[in-house]
Each structure stands twice: as structure tokens, then as C-alpha cells.
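K.L.:
Structure incoming, see below.
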Amino acid sequence: MPMPAAEIESLIKQGIPDAKIEMRALADDGDHWAATVVSKEFAGKSKLQQHQLVYKALGSHMGGALHALQLQTFAPK
Amino acid sequence: MPNINEQLQSIVDNNDVVLFMKGTPDFPQCGFSHQATQILRFIEVDFKGVNCLETDELRQGIKSFSNWPTIPQVYLKGEFVGGADILRELFQSGELFATLTEKGIPFKAPAGAQA
């Protein structure tokens, strides 16, 4: 079951309200996405912890309905 | 037969570098597993590839063992590093070389990389 970009964005926003999110399709099947997420919450955290925050926001969707999400996270400069 | 968590713990305890992946290093079965394999091979680090597609127990077990929802997953000296995206970022930033050096894991740094 593909997951639309808007839904992915909105889940991330719910978990990380200040997140600035850019979605990019990796394939035109509506199922493979790349997301760049920028949030103040990432400051001082390792990449592992940053990705964990995003995965937490996505909850059980990640690895389930949403099976291919390339993720890049940054704290704002 | 030890339970799945004990089996996984023993794999990460007994191998300096482990890639839990979909498929094998020679035949990765997803793009992310392929990418992670390529990075590890490029720096000529000796790693154990574990094919999580072999059993459902392994496929589900590694996700709860690491508390991480996706495969591939990389472990260095028993420490969970992350998935393919994190491995790539650490590789590109040079942090991966610093970590490998710090942990005493042999690898070949690409020309021009900051070790």
C-alpha cells in the first residue's frame, strides 16, 4: 500500500512540529521517497538519534506501509 | 536453541562489523542493502552480512533487537550505528573513518579522505 508524500509529511509534523520537510520521489510508483527534515530538535543529537525521532513520528508505518524512505536530517544552521 | 535476541547478540558480539541486510553481499535484494554493501566493500572493511530475508524470525527479530524499523542495519563492535542513510552520511562526512579507527577496525581509506 503506497503512502502519499503529504501523509508522510503530516506524520512527521505531528511528531516534530517545527520540522521543515522536503519530499522527493525516488521512483514514480508513489512508494519510494526521499525526505530531508530540518528541525531545532536535532541540535546536539547524533544522526542515529535524529533518525530515531523521525521514525518515532512515523510510528508503525515505517517498515510497514512505508517501506522505502531515504532520510536526511539536519539541525538548522 | 537460543532465542532470537541471544542469537543476534552473539552475532554482534562475535563480528566487528555486521550488516543485517536483505539478501547477501553478493546478491543484495534491496537498494538500501546494496548501497550499504557498496560502502563497506569500497573501504575494504571485513564484514559479516546477515540475510534477514531467510526467516521471518530474523526479519522481525532484528527490528526489535535494535529498536529500529528498517533493514539494513549496521553494527560496529557491538554498537548499533544505523541504517543505510546514516552509513552513507558518516561515510561522506569522514566520521565513519574516525569511528573505525577509534574502534581499531581495519579499513582502507579512499584517497583524500580524512581519517
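The values are calculated or read from the model by the stated rules, or taken from the named source; none is laboratory data. These numbers come from a predicted model, not from an experiment. With ideal geometry, Cβ positions are generated from the backbone for all residues, glycine too; neighbour counts draw on all protein chains shown. In case anyone asks, the SASA skips ligands and DNA or RNA and just uses the protein heavy atoms, side chains included. Shrake-Rupley method; radii C 1.70, N 1.55, O 1.52, S 1.80 Å.
K.L.:
I need the GluC sites (Glu not before Pro) found in the range B:42-115, filtered to DSSP loop residues with at most 13 other beta carbons within 10 Å of theirs.
P.N.:
Numbers: sites: B:Glu44, B:Glu54, B:Glu57, B:Glu79, B:Glu89, B:Glu95, B:Glu102; in loops: B:Glu44, B:Glu54.
Counting only loop positions with at most 13 other Cβ atoms within 10 Å, the GluC sites (Glu not before Pro) in the range B:42-115 are B:Glu44, B:Glu54.
K.L.:
Antiparallel DSSP bridges in the range A:5-74: what percent, to the nearest 5? Display every interim value, and only then the final one.
P.N.:
Working: 6 of 14 bridges.
Percentage antiparallel, nearest 5: 45.
K.L.:
Let me ask you something else. Could you order B:Cys30, B:Cys52 by accessible surface area, starting with the largest, using a probe radius of 1.4 Å?
P.N.:
Details: B:Cys30 30, B:Cys52 0 Å².
From most accessible down to least: B:Cys30, B:Cys52.
K.L.:
With viscosity set to 1.567 mPa s and temperature to 4 °C, compute the Stokes-Einstein D of the protein assembly as shown, Rh being the Kirkwood radius across alpha carbon pairs; µm²/s, no decimals. Each step should come with its number before you reach the end.
P.N.:
Details: Rh = 17.3 Å.
D = 75 µm²/s.
K.L.:
Too long at a 20 Å Cα-Cα cut-off: which of A:Lys56/B:Lys103; A:Lys13/A:Lys45; A:Lys47/A:Lys77?
P.N.:
Values: A:Lys56/B:Lys103 29 Å; A:Lys13/A:Lys45 18 Å; A:Lys47/A:Lys77 15 Å.
Beyond 20 Å between Cα atoms: A:Lys56/B:Lys103.
K.L.:
Follow-up. May I ask for the distance between the Cα centers of the range B:90-107 and the range B:1-75, given as a whole number of Å?
P.N.:
19 Å
K.L.:
When all protein chains stay in place, what accessible area (Å², nearest 10, 1.4 Å probe) is found for A:Trp33?
P.N.:
Approximately 30 Å² of A:Trp33 is accessible to the 1.4 Å probe.
K.L.:
Percent relative contact order of chain A, based on C-alpha pairs within less than 8 angstrom and at least six residues apart? Walk me through the intermediate numbers first.
P.N.:
Details: 120 pairs, mean separation 29.0, N = 77.
Reported relative contact order: 38 percent.
K.L.:
Which three extents, in whole angstrom, do the alpha-carbon atoms of chain A cover along their principal axes, largest first?
P.N.:
Dimensions of chain A along the principal axes of its Cα atoms: 35, 22, 19 Å.
K.L.:
Only Cα pairs under 8 Å and at least 6 apart count here; give the relative contact order of chain B as a rounded whole percent. Present the calculation step by step, with values, prior to reporting the outcome.
P.N.:
On the way: 162 pairs, mean separation 33.3, N = 115.
Result for chain B is 29 percent.
K.L.:
Also, quick follow-up: Give, ordered by residue number, each residue of the range B:59-79 whose 1.4 Å probe accessible area is reduced by a minimum of 40 Å² on adding the remaining protein chains to the chain alone.
P.N.:
B:Trp68, B:Pro69, B:Thr70
K.L.:
Something else now. Quick one: how many Å² of A:Asp18 are accessible to a 1.4 Å probe, rounded to 10?
P.N.:
60 Å²
K.L.:
Right, next: Angle, helix A:47-58 long axis vs. longest principal axis of chain A, Cα atoms, 0 to 90°, nearest 10?
P.N.:
Helix A:47-58 sits roughly 50 degrees off the main axis of chain A.
K.L.:
What do you get for the angle between helix A:5-15 and the principal long axis of chain A? Use alpha-carbon atoms, 0 to 90 degrees, nearest ten.
P.N.:
On a 0 to 90 degree scale, this one is about 30.
K.L.:
If the viscosity is 0.692 mPa s and the temperature 37 °C, what translational diffusion coefficient in µm²/s does Stokes-Einstein give for the range B:4-101 when Rh comes from Kirkwood over Cα pairs?
P.N.:
Details: Rh = 13.2 Å.
Roughly 249 µm²/s, to the nearest whole number.
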